[in-house]
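The values are calculated or read from the model by the stated rules, or taken from the named source; none is laboratory data. This one's a predicted model, so the numbers in the text were calculated from it and none came from an experiment. Because the Cβ atoms are built from the backbone with ideal geometry, glycine has one as well, and the counts that use them run over all protein chains shown.
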Amino acid sequence: MRYIALLVLFSLSGAYSHSTRLDSDDDYIKLPNGKSWNDAIAKADYERNLKDARELARLSAEIRDELENSAAFVLSLKTLKKVEDAEKLAKSLHSRMNKN
């Protein structure tokens, strides 16, 4: 079992060093249209960040409205589910923005 874990660890470390080498050379990989692969990834991440930020703002507004319209000691399961969705969305947005 220990041998398998070490084998997996070494194979992952080799894949990581290979991927970081490719990431350091921005123009290494070109798309068929001639644009840089890294630029395309950055643009896709930017678009997804905008989409997720809009969704997070929408969820936050819905949560605020539901809390304002509910009783002081009552929390609906629907509101709790929205809070959990907002938390997941915020974490994914944070990790995506933090990697760059």
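Screening L75, L59 for residues that are modelled with pLDDT of 80 or more and assigned to a loop (DSSP other than H, G, I, E, B) leaves exactly one candidate, L75.
The residues of the stretch 59-100 that are within 30 Å of A42 (Cβ to Cβ) and exposed (fewer than 12 other Cβ atoms within 10 Å of the Cβ), listed by number, are A61, E84, K88, K91, H94, S95, N98, K99, N100.
Please verify whether the stretch 35-42 includes one or more residues that are loosely packed, with under 10 Cβ neighbours inside 10 Å, without any contact (Cβ under 8 Å) to a residue 60 or more places away in the chain and part of a loop (DSSP other than H, G, I, E, B). Before the answer, list the steps.
From the stretch 35-42, those loosely packed, with under 10 Cβ neighbours inside 10 Å are none; that's our starting set.
Taking every residue of the stretch 35-42 in turn, none turns out to be loosely packed, with under 10 Cβ neighbours inside 10 Å, without any contact (Cβ under 8 Å) to a residue 60 or more places away in the chain and part of a loop (DSSP other than H, G, I, E, B).
Taking the stated definitions as given, is A90 outside any helix (DSSP H, G or I) and either over 30 Å from K30 (Cβ atoms) or touching a strand residue (DSSP E or B) at 6+ places or on another chain (Cβ under 9 Å) (or both)? Walk me through it before giving the result.
Numbers: outside any helix (DSSP H, G or I): no; either over 30 Å from K30 (Cβ atoms) or touching a strand residue (DSSP E or B) at 6+ places or on another chain (Cβ under 9 Å) (or both): yes.
Answer is no for this residue.
Look at (1) modelled with pLDDT of 85 or more; (2) not in a helix (DSSP H, G or I) and you find that Y28 fails only one, number (1).
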